[in-house]
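Engineer: Take a look at this one; I'll ask things after.
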Amino acid sequence: MSLHRPSGLRAGFHAEGFAGESGLLHAGEQWVPEQFLIEPHEHPVWEIYLQQHGSTHWVAGGESYVLHPGYLFAVPPGVTHHLAGRSGNHHFYFAAIDREPVVRRQPALALPWPKTVVHREAGELTHAFAQLVREVTTRYEYADTGLTLAVDHLMLAVSRCLAPAAVPQLAMHPAVRTVKRLLDQEFHERWTLRELGDRTGLAPAYLAELFTTELGQPPHRYLNERRIERARQLLETSAITITALAVSLGFSSSQHFARVFRQLTGTTPTAFRSSPAR
């Protein structure tokens with residue numbers, strides 16, 4: 001496996017040349033400046049993109065698609081696609097995966113996927129992509145097994161995205177469920193209680209009380225925990241600067257980010273990144 005950073009990126013990597021039967025051809029996570037372009041290309045397998053921050057304009061099979069944060073963009077084998085025009089600074093994951101080895105391991109995932117481009121909101125894929133990136137960029141024991149499980153997890157998450165909506169099994173107030181989904185998927189936004197109240201039609205104070213009763217902590221604390229969870233992943237697997245990381249996670253400044261990081265982890269972002277024991 002080779003791991004490199006294409007010229008012109010702000011941060012991130014491209015990995016390819018995977019051995020074994022994982023089914024992964026290449027993968028990466030990239031922070032892209034405005035002038036960065038991706039030329040027309042195609043692959044013999046599905047290529048899956050997940051937009052994290054910023055919005056981008058893609059063309060695939062002659063059709064145009066706009067990817068907003070949390071959007072899945074899955075391109076079938078043999079379909080030419082490219083990043084069309086400058087889109088401003090943005091951040092996305094991608095992976096090219098052969099479904100056949102995955103289906104051999106996981107027969108339940110054999111249901112056919114669409115034959116056309118998939119373009120829809122799917123912020124819940126973030127955790128699956130983050131785990132894949134961790135396996136690709138970190139030397140762990142049982143590396144082949146870890147990579148295979150991460151590929152299967154990502155393909156399961158995409159398959160669930162293509163399936164009918166999940167049916168919640170745990171009773172939860174609809175407003176709390178809505179807010180939890182927003183904070184899980186759009187933790188980079190600078191949410192206020194008033195904005196969350198507007199989304200749910202509830203008074204901010206009442207919403208905060210409901211959320212705290214059902215999840216054991218107020219929305220602001222829950223949001224910061226999601227942000228710091230993601231920050232730990234990025235500090236482990238990327239070279240993005242602390243300042244850029246703070247902004248991408250929705251903090252007002254690197255100082256604010258460092259203060260919250262220390263409150264929740266007991267250390268600073270810089271010390272966490274340099275620690276060999278993390």
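Engineer: Does Ser252 satisfy the criteria of being under 23 Å from Phe13 (Cα atoms) and either surrounded by 15 or more Cβ atoms within 10 Å (Cβ to Cβ) or polar (S, T, N, Q) (or both)?
Structural biologist: no
Engineer: Just give me the residues in the range 255-278 being in contact with a Leu (Cβ under 8 Å, 6 or more places away or on another chain) and of a type in the set (Gly, Ala, Ser), in sequence order.
Structural biologist: Selection gives nothing.
Engineer: Filter the helices (runs of 4 or more DSSP H) completely within the range 160-267 down to those with at least 1 residues that are under 25 Å from His91 (Cα atoms).
Structural biologist: Fully inside the range 160-267 and qualifying: 174-185, 193-200, 219-237, 242-248, 254-265.
Engineer: Ok, one more. Which numbered condition in (1) on the phi < 0 side of the Ramachandran plot; (2) over 21 Å from the mean Cα position of the chain (by Cα); (3) open to solvent by 40 Å² or more (accessible area, probe 1.4 Å) is the only one that Gly201 fails?
Structural biologist: Going through (1) on the phi < 0 side of the Ramachandran plot; (2) over 21 Å from the mean Cα position of the chain (by Cα); (3) open to solvent by 40 Å² or more (accessible area, probe 1.4 Å) one by one, Gly201 breaks only (1).
Engineer: Do we have Glu34 as in contact with a Gly (Cβ under 7 Å, 6 or more places away or on another chain), acidic (Asp, Glu) and surrounded by fewer than 14 Cβ atoms within 10 Å (Cβ to Cβ) here? Spell out how you get there, then give the answer.
Structural biologist: Values: in contact with a Gly (Cβ under 7 Å, 6 or more places away or on another chain): yes; acidic (Asp, Glu): yes; surrounded by fewer than 14 Cβ atoms within 10 Å (Cβ to Cβ): yes.
Yes; evaluated as a whole, the condition is true for this residue.
Engineer: When you scan the range 105-121, do you find a residue that is open to solvent by 50 Å² or more (accessible area, probe 1.4 Å) and within 25 Å of Ile240 (Cα to Cα), even just one?
Structural biologist: Scanning the range 105-121 turns up no residue that is open to solvent by 50 Å² or more (accessible area, probe 1.4 Å) and within 25 Å of Ile240 (Cα to Cα).
Engineer: Same structure, new question: Specify which of the listed residues (Leu156, Leu132, Leu162) is in contact (Cβ under 8 Å) with a residue 12 or more places away in the chain, open to solvent by 30 Å² or more (accessible area, probe 1.4 Å), touching a strand residue (DSSP E or B) at 6+ places or on another chain (Cβ under 9 Å) and of a type in the set (A, V, I, L, M).
Structural biologist: Leu162
Engineer: Please state which of the following conditions Pro69 fails to meet, knowing it meets all the rest: (1) part of a strand (DSSP E or B); (2) closer than 26 Å to Arg181 by Cα; (3) open to solvent by 30 Å² or more (accessible area, probe 1.4 Å); (4) in contact (Cβ under 8 Å) with a residue 12 or more places away in the chain.
Structural biologist: (1)
Engineer: The conditions are (1) open to solvent by less than 40 Å² (accessible area, probe 1.4 Å); (2) modelled with pLDDT under 95; (3) closer than 18 Å to Val45 by Cα; (4) small (Gly, Ala, Ser), and Ala150 fails exactly one of them. Which is it?
Structural biologist: Exception for Ala150: condition (2).
The values are calculated or read from the model by the stated rules, or taken from the named source; none is laboratory data. A quick note: this is a predicted structure, and the numbers were derived from the prediction, not measured. Ideal geometry is used to build each Cβ from the backbone, glycine not excepted, and the neighbour counts take in all protein chains shown. Ligands, DNA and RNA are stripped out before the accessible areas are found, and what is left, the full protein with its side chains, is counted by its heavy atoms. Shrake-Rupley method; radii C 1.70, N 1.55, O 1.52, S 1.80 Å.
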